[in-house]
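What follows is a short report on a single structure.
Nothing in this text is a laboratory measurement; each read-out follows from the coordinates by a stated rule. Everything numeric here is computed off the predicted structure, so don't read it as measured data. Ideal geometry is used to build each Cβ from the backbone, glycine not excepted, and the neighbour counts take in all protein chains shown.
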Amino acid sequence: MKKKLSAINYQPSAFVMVLLLTLSTVSGQTLAPIRKLPLKEPLETSKNMPPAPPRKIETSPRIISQFGVFTSYQTNVDASGNNILGDAANEPAIAVDPTDGNKMMIGWRQFDSINSDFRQGGWGYTTDAGVTWTFPGVLNPGVFRSDPVTKSDEAGNFLYLSLRGDDFCDDIWRSTDGGQTFVEQSPDGAGHGGDKQWFTIDTTGGTGHGFLYQFWTEFFACDFGAFNRSLDSGVTWQSPISPSNFTDTGTLEVDINGNLFVGGGGSPFRCLRSSNAQNPQVTPSFDQNVTVDLGGDLIQGGINGIGLCGQTFVAVDRTGTNNNVYMLASVIPFGAGNGTDVMFARSTDGGQTFSPPHRINDDPINHNKWHFFGTLSVAPNGRI
């Protein structure tokens, strides 16, 4: 299970904005056992559970939540814009059309009933900057899918990477109409992949323009390996490879020169760079592999039950500070037995070295607090 969120903000600013959730535990509250990553067991399994049986669909008004100057609008709604009672959605991943910020799509794990663990690849789209949403349905009705990851290319086409829970294989789905419809780009599972997979798109305009890069947890791969590449937007994928001292449970980014960065891990965290992944004539290799101190470890359990409390995010600045590479994760601090903080580290030399960890949540230290699901991204103007 992964929790994936991303945000893009195009307003000029000089400060850092990080999205996170904060909860406090109270005396006597029972939390799940804490385990540090990496784990040697899958977090994704269908458990042979069948789809939820048909039922009468009832609705209620959609949720609109106000918090200070921020307004949140429910996305998983019916055709009339109402909340569907008795269903559920989680692990959302958002993508924004760079040619029109009013157009966005979100992929999620769709549970047709809260009484069934069976989930499918659901999604919604908006044309008015997120005020109203349309929920067309799921990618494959009746097919167990999970771990949604969504991206937009430079032309505004949306791509949706979806994991099949029965065999840990994945595939790319593509939308050319603003998220209204998605078409599978290859046969089921042809993307290879594995549990906790992630991908990114090279939109730099260089030799690797349009390439897709993907990595996953090698211990729970579809077939083998931990990384692969597509040269044709997910129609075909090259054979997976197993880079030495590789990582997982993270994300990927491409800098303005076409270099690929992979950030992941948890015990320890790593930032890797491939300068030749953009060369279609060679098998990608990673010429830089740096350990990053984020002041703690990624964990499973605690406030999030059997799920992870976060994953590693790497982001690259493509503006006047083109060599800046940022990493962030929600971690349990070294020496602590409870609670998580959102920690950040910065590289100003293209990922060769990183700063000491910086604690983003600036409240008084309290290990009964859980600041989890921390995420980050970099806007076109350099804002983090």
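See the values below:
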| item | result |
| --- | --- |
| Theoretical FRET efficiency, 1/(1+(r/R0)^6), r = Cβ-Cβ of Asn90 and Asn245, R0 45 Å, to 0.05 | 0.90 |
| Cα shape, the chain, gyration tensor, a/c 1.5 rule | rounded |
| Gain in span if fully extended, Thr283 to Asn338, counting 0.36 nm per residue against the direct Cα distance | 15.5 nm |
| Segment 178-269 shape via C-alpha gyration tensor axes, a/c threshold 1.5 | oblate |
| Pairwise Lys count, the chain - Cα closer than 22 Å, eight or more residues apart or different chains | 24 |
| The chain, relative contact order in percent, only Cα pairs under 8 angstrom and at least six apart counted | 16 percent |
| Inter-probe distance in nm under a simple model that places probes 7 Å from Cα toward Cβ, at Ser80 and Thr59 | 0.5 nm |
| Cα centroid separation, segment 60-77 to segment 344-368 (Å) | 31 Å |
| Cα centroid separation, segment 225-262 to segment 117-141 (Å) | 27 Å |
| Stretch gain in nm, segment Thr99-Asn323, where the contour uses 0.36 nm per residue and the Cα spacing is subtracted | 78.1 nm |
| Least to most buried among Phe67, Phe158 (fewest other Cβ within 10 Å first) | Phe67, Phe158 |
| Interchain or long-range residues, amide H under 5 Å from Phe269's placed H | Val292, Leu294 |
| Whether segment 154-313 is rounded, prolate or oblate, judged on the alpha carbon gyration tensor where a/c under 1.5 counts as rounded | oblate |
| Ser186 long-range amide H proximity, modeled H, under 5 Å | Ile172 |
| Candidates Gly266, Gly305, Gly101, ranked by Gaussian network fluctuation over the chain, Cα under 10 Å, top entry | Gly305 |
